[in-house]
Amino acid sequence: MFNFFKNIFNNYINKLLKSMKLNKIPDKWIFIFDIDDTLIFEKDEKLNKDVFKFYNYVKNKIKVYIITNRSDKSRDVTKQELFYNKIKDYIGLKLRKVNENPLISKIRMRNEVEKEGYCIVGCIGDQIVDFKKGMLGIYLNKNYLNNNDYPKIIF
C-alpha cells in the first residue's frame, strides 16, 4: 500500500509543479496527516505501518502538519503518543477546541494553517471532513480499514 500512496503523491506533486512552471517544491507547501484511523488505528492504538512509511517519505519531500479531531484537552497525551510512535518531524499540530463541533473543526484548523501562510496541497485521513476541494485527498474509507479495498482518491 505504501507504493500506492507514494505513486499518487509523486504524480500529483509533479503535475502541480509542471502546471505552475516550478522546478522544486515551494517552502510553504504542506501535506496534512490525520491521526486516528490514519496514522494510528483507533481501536487498538497501533501504528498504521503503511501510512507511517508514507509519512516518513512525505516529510522528506514537503512539510507535514498534523490536524486531528482529538480534543485540545488531550494535547499532551497526543504529543506523547506521536513521539512514542516516532512521529515527530511535523511543523504543527492542531486539535479540536473543547466543545467545538467536530464537523467544522477541521475547516477552522485548515483555515488557520492557511492564515499562517501555508498552501495545503494534500492530506490523508479517514473522514470526509479531512478533505478540501482542490487538493489531493487520500481517503482511508471503512473498506480500506477493513482490508477490503484501496483508499479512495479525492481532488
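At a glance:
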read-out: At 1.002 mPa s and 20 °C, Stokes D of the stretch 21-98 from Kirkwood alpha-carbon radius, µm² per second; value: 163 µm²/s
read-out: K133, K79 arranged by Cβ crowding within 10 Å, fewest neighbours leading; value: K133, K79
read-out: Cα point-scatterer Debye curve for the stretch 63-155, base-10 log of I(q)/I(0) at q = 0.20 Å⁻¹; value: -1.12
read-out: Cα convex hull volume per residue for the stretch 1-50 (Å³); value: 86 Å³
read-out: Straight-distance crosslink candidates among aspartates and glutamates, where the alpha carbon sits under 14 Å from K46 and sequence neighbours closer than 8 are dropped; value: D36, D37, E81
read-out: Taking Y65, Y55, Y84 and counting other C-beta atoms within 10 Å, the order from fewest to most; value: Y84, Y65, Y55
read-out: Semi-axes of the equivalent ellipsoid for the chain, Cα gyration tensor, largest first, Å; value: 23, 19, 15
read-out: Test item: Cα-centred dipole of the stretch 1-153, Lys/Arg +1 and Asp/Glu -1 on Cβ, debye; value: 600 debye
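Bear in mind that the values in this text are calculations on the coordinates, not laboratory data. For clarity, every value in this text was computed on a predicted model and none was experimentally measured. Because the Cβ atoms are built from the backbone with ideal geometry, glycine has one as well, and the counts that use them run over all protein chains shown.
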